[in-house]
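Heads up: the structure comes next, in structure tokens.
The values are calculated or read from the model by the stated rules, or taken from the named source; none is laboratory data. Remember, it's a predicted structure, so these values are computed and weren't measured experimentally. Note: ideal-geometry Cβ built from the backbone for every residue, glycine included; neighbour counts use all protein chains shown.
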């Protein structure tokens with residue numbers, strides 16, 4: 001399987017369960033891999049035959065600007081849904097990281113995988 005990946009995409013969004021988190025945007029970092037349906041793009045050399053990572057980034061920026069989540073798990077699930085449904089990926093791995101949230105901890109987060117990844 002071929003994958004496209006986006007690493008260290010930083011987005012400002014409303015996320016968290018505590019009152020102070022609900023009133024100011026926080027920066028989260030997204031890393032994702034999206035499995036491609038086929039190899040047509042490698043032969044056609046046409047962006048229409050692949051997942052356009054520029055469009056993925058644009059859509060995720062829109063999500064961060066327009067949405068609010070209590071849990072990073074919910075944000076990760078929505079990113080996975082977008083990758084699979086809107087961009088027609090076959091498999092996705094999403095890592096959502098909250099940076100500098102806890103004292104003495106560089107980052108905390110979650111990694112989820114959805115869809116069918118071949119062995």
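Odds and ends about this structure:
- Qualifying positions in segment 52-71 - part of a helix (DSSP H, G or I), in contact (Cβ under 8 Å) with a residue 12 or more places away in the chain and within 23 Å of residue 19 (Cα to Cα): 63, 64, 65
- Counted residues, segment 80-119 - those being part of a loop (DSSP other than H, G, I, E, B), modelled with pLDDT of 90 or more and on the phi < 0 side of the Ramachandran plot: 3
- The lone criterion from (1) in contact (Cβ under 8 Å) with a residue 12 or more places away in the chain; (2) in contact with a helix residue (DSSP H, G or I) (Cβ under 9 Å, 6 or more places away or on another chain); (3) in a loop (DSSP other than H, G, I, E, B) left unmet by residue 17 is number (2).
- Flag if residue 36 is touching a helix residue (DSSP H, G or I) at 6+ places or on another chain (Cβ under 7 Å), without any contact (Cβ under 8 Å) to a residue 60 or more places away in the chain and surrounded by 14 or more Cβ atoms within 10 Å (Cβ to Cβ): no
- Hits in segment 40-51 - residues which are touching a helix residue (DSSP H, G or I) at 6+ places or on another chain (Cβ under 9 Å) and in a helix (DSSP H, G or I): 40, 41, 42, 43, 47, 48, 49
- Annotation: of all residues in segment 72-100 being in contact (Cβ under 8 Å) with a residue 60 or more places away in the chain and closer than 20 Å to residue 18 by Cβ, the one that is surrounded by the fewest Cβ atoms within 10 Å (Cβ to Cβ) is 99.
- Filter result for residue 30 (crowded, with 20+ Cβ neighbours inside 10 Å, touching a residue at least 60 places away in the same chain (Cβ under 8 Å) and assigned to a helix (DSSP H, G or I)): no
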